[in-house]
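S.K.: Okay, handing you the structure first.
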Amino acid sequence: LAKTTQPISMDSYEGQEVNITCSHNNIATNDYITWYQQFPSQGPRFIIQGYKTKVTNEVASLFIPADRKSSTLSLPRVSLSDTAVYYCLVGDSAGNKLTFGGGTRVLVKP
Amino acid sequence: SQTIHQWPATLVQPVGSPLSLECTVEGTSNPNLYWYRQAAGRGLQLLFYSVGIGQISSEVPQNLSASRPQDRQFILSSKKLLLSDSGFYLCAWSASGPPTVQFFGPGTRLTVL
């Protein structure tokens with residue numbers, strides 16, 4: 001299983017862009033990169049998924065360099081409600097064993 | 001659309017008592033099912049996953065067990081709870097095949113006293 005490394009925490013302010021980088025040096029050829037958001041006492045919620053280059057949806061962008069050994073989740077213009085823990089996952093080829101690391105605790109300040 | 005249910009939402013149990021947590025999924029068939037545990041302030045630990053009825057894979061040896069009696073039903077059990085079993089238990093499902101996106105239930109907060 002590809003192990004992921006993320007910063008433990010990050011602080012930001014309303015309206016700023018937040019970028020969270022995840023390292024996954026031993027990512028396998030068939031692995032996808034997936035990010036989740038979790039609020040206290042709730043289950044994680046899917047944010048975005050990608051394989052290479054750049055993926056964008058209505059809430060975030062995911063940047064993946066050519067070597068795929070890292071990825072960066074970008075949250076544009078964060079608000080107080082974006083305060084949460086963000087998890088980066090890299091799955092095996094069958095997708096059954098997605099491993100959650102410790103996540104990054106993002107605090108958005110007014 | 002698909003929905004996932006867990007119950008109960010909260011549970012307080014004495015040490016040594018049995019446990020049964022239930023998870024059901026609606027709106028999909030043959031899902032992969034997962035049980036996770038999250039200790040306070042920590043990440044998620046995968047406990048069990050299942051790719052089909054009666055097929056259970058255990059990730060962490062412990063006093064918990066899981067069963068999948070029906071396609072969209074996943075049960076987490078214990079014969080005798082330990083203090084260390086306290087935590088937030090989450091059930092999740094994903095469609096079969098890669099790439100995998102897991103969808104989580106609301107969770108069960110278990111406190112063992």
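The values are calculated or read from the model by the stated rules, or taken from the named source; none is laboratory data. Fair warning: this is a prediction, and the values are worked out from it, not measured in the lab. Reconstructed Cβ throughout: ideal geometry from the backbone, glycine too, with neighbour counts over all protein chains shown. The protein model used for the area step is the full one, side chains on, heavy atoms only, and it has no ligands, DNA or RNA in it. Shrake-Rupley method; radii C 1.70, N 1.55, O 1.52, S 1.80 Å.
S.K.: Provide a single number: the residues in region A:60-106 that are open to solvent by 50 Å² or more (accessible area, probe 1.4 Å), modelled with pLDDT of 95 or more and within 14 Å of chain B (Cβ to nearest Cβ).
M.R.: 1
S.K.: Out of everything in region A:22-39 that is under 19 Å from A:D82 (Cβ atoms) and surrounded by 15 or more Cβ atoms within 10 Å (Cβ to Cβ), what residue ends up being nearest to the other protein chains (Cβ to nearest Cβ)?
M.R.: Residue satisfying both the conditions and the ranking: A:T34.
S.K.: So how many residues does region B:80-113 have that are closer than 20 Å to A:P44 by Cα, facing another protein chain (nearest Cβ under 10 Å), without any contact (Cβ under 8 Å) to a residue 60 or more places away in the chain and open to solvent by less than 40 Å² (accessible area, probe 1.4 Å)?
M.R.: 2
S.K.: Among the listed residues B:S77, B:S58, identify the single one that is small (G, A, S) and touching a residue at least 12 places away in the same chain (Cβ under 8 Å).
M.R.: Exactly one residue qualifies, and that residue is B:S77.
S.K.: Does B:G16 count as small (G, A, S) and within 13 Å of chain A (Cβ to nearest Cβ)?
M.R.: Criteria not met by B:G16.
S.K.: So if I check each of B:L19, B:L33, B:L47, which one is over 11 Å from the mean Cα position of the chain (by Cα), surrounded by 14 or more Cβ atoms within 10 Å (Cβ to Cβ) and farther than 16 Å from A:Q42 by Cβ?
M.R.: The unique qualifying residue is B:L19.
S.K.: Kindly indicate whether B:A40 is closer than 14 Å to B:F104 by Cα and either touching a residue at least 40 places away in the same chain (Cβ under 8 Å) or of a type in the set (G, A, S) (or both).
M.R.: So B:A40 fails the test.
S.K.: Same structure, new question: Could you run through region A:40-59 and say how many residues are of a type in the set (S, T, N, Q), loosely packed, with under 13 Cβ neighbours inside 10 Å and at negative phi?
M.R.: 1
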